[in-house]
1. So which of A86, A140 ends up being within 22 Å of the chain's Cα centre (by Cα) and either over 22 Å from A23 (Cβ atoms) or modelled with pLDDT of 90 or more (or both)?
2. Among the candidates F41, F94, which residue alone is surrounded by fewer than 16 Cβ atoms within 10 Å (Cβ to Cβ) and either among the acidic types (D, E) or over 30 Å from V298 (Cα atoms) (or both)?
3. E211 is checked against (1) in a helix (DSSP H, G or I); (2) surrounded by 15 or more Cβ atoms within 10 Å (Cβ to Cβ); (3) touching a helix residue (DSSP H, G or I) at 6+ places or on another chain (Cβ under 7 Å) and fails just one. What number does that condition carry?
4. Which residue, of V275, V305, is of a type outside the set (S, T, N, Q), surrounded by 16 or more Cβ atoms within 10 Å (Cβ to Cβ) and modelled with pLDDT of 90 or more?
5. Given (1) out of contact with any Phe, Trp or Tyr (no Cβ under 8 Å at 6 or more places or on another chain); (2) of a type in the set (A, V, I, L, M, F, W, C); (3) modelled with pLDDT of 90 or more, identify the lone condition not met by V331.
6. Tell me, please, whether a residue that is surrounded by fewer than 13 Cβ atoms within 10 Å (Cβ to Cβ), assigned to a helix (DSSP H, G or I), free of Cβ contacts under 8 Å to residues at least 12 places away in the same chain and more than 25 Å from the chain's Cα centre (by Cα) can be found in the stretch 104-116.
7. Out of all the residues in the stretch 41-78, which are out of contact with any Phe, Trp or Tyr (no Cβ under 9 Å at 6 or more places or on another chain) and part of a loop (DSSP other than H, G, I, E, B)?
8. Failed condition for P6, given (1) more than 20 Å from the chain's Cα centre (by Cα); (2) at pLDDT below 90, with all others met?
Amino acid sequence: MKPRSPTLEGFRAIFRRPSFGLAEIAWRWSFGAAATLLLAFSFFTFLDTLPVGNSDLLLLRSRQPFLIFRAFAHIFRGSAFRAVGAGIVLALTFGAAWIVLASLGRAATLKALIAYFRESGFSRPEHQEKNLWPLSSLFALNFFRMAATLAAAVGCLAAILLGAAASPPASPSPGIAALIFLTVTMLVWLAWSTLNWFLSLAAIFVVADGEHTFGAITAAIDLCRARPASIFAAGTWFGLAHLTAFVLASSIVGFPLAFAPYLPPAVVLGGVLLVTLLYFAVADFLYVGRLAAYVAMVEMPESQVSAETAPPESPLAGTRFDPNLQSSPAVDATELILSDVPASS
């Protein structure tokens, strides 16, 4: 069978079956909308708990920045405990809701992608009968992702504290503080993104092979060791597509902002919001495409995966050589091969 490129299969999947991307948008945006509404409700509920006296209203109506600041300082005095408590409750609620919704949404998306590749007829035979997968393993993987995100947030807070400690008020050094903050933040981001990527990739093996949590993580590492070229190619091409979408969205969003002096604020805000939503939709489609490429690597036999790093014009592209193969002693290297002897005219 002709070798296939997992990267091309990923792009082909999102173009042939737009329902994959729409399903991803459905569960992601549902969570985002619910989280936004809950944040807005909590914010206004918190504002209702703040006492506002007549003197505060008088200062707010003075239109003097200093007096307005004094009014806000008086209004919010003593409310830090309620704000921290509300933040902790919201964080726990969002975390638990995201673990459940992300597990169910990812299970549905991966199940559809795996069925798509198995229906195409080039799935490995041992995968054809595996239709059961433990949902608890997906919960555990997403719990680890949430824990990694919390650890990354703590690491960013530590970067701020380290930067502040390196630049005390008695001897300020803003350059050193900024360098420490950026360095620690970059290292934290790299560690978080790598761990989050591995945990996301491990979910494929839970749905495809019915692996448990740590078995799926091990299988993800084995896939990266077995097919690094295909992994790199899929990440590179889908990353370039995402970067192109970001550059185009950043350029297009400038049009409504350029007409801000001439258009009503609601129209300008609506244009910016529309472009932003379109960019997020394209990003979700590309994420599903990259996920489909990884599913193709898992489902297709190794003999059907093309060598994506080899140049197209190379006749050796996709050819694998066995290092243990030895030449037979029955063949004389000095003997002419009949195909090399020119035919007599």
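1. Values: A86 fails: within 22 Å of the chain's Cα centre (by Cα).
Step by step, each of A86, A140 is checked, and only A140 is within 22 Å of the chain's Cα centre (by Cα) and either over 22 Å from A23 (Cβ atoms) or modelled with pLDDT of 90 or more (or both).
2. Residue meeting the stated conditions: F41.
3. Failing condition for E211: (1).
4. Sole residue among the options that is of a type outside the set (S, T, N, Q), surrounded by 16 or more Cβ atoms within 10 Å (Cβ to Cβ) and modelled with pLDDT of 90 or more: V275.
5. (3)
6. No: the stretch 104-116 contains no residue that is surrounded by fewer than 13 Cβ atoms within 10 Å (Cβ to Cβ), assigned to a helix (DSSP H, G or I), free of Cβ contacts under 8 Å to residues at least 12 places away in the same chain and more than 25 Å from the chain's Cα centre (by Cα).
7. Hits for the stretch 41-78 are T49, P51, V52, G53, R61, S62, R63, Q64, F76, R77, G78.
8. Only one criterion in (1) more than 20 Å from the chain's Cα centre (by Cα); (2) at pLDDT below 90 is unmet by P6, namely (1).
The values are calculated or read from the model by the stated rules, or taken from the named source; none is laboratory data. Just so it is clear, the structure is predicted and the values come from calculations on it, not from any experiment. When we count neighbours, we look across all protein chains shown, and the Cβ atoms used for this are built from the backbone with ideal geometry, even at glycine.
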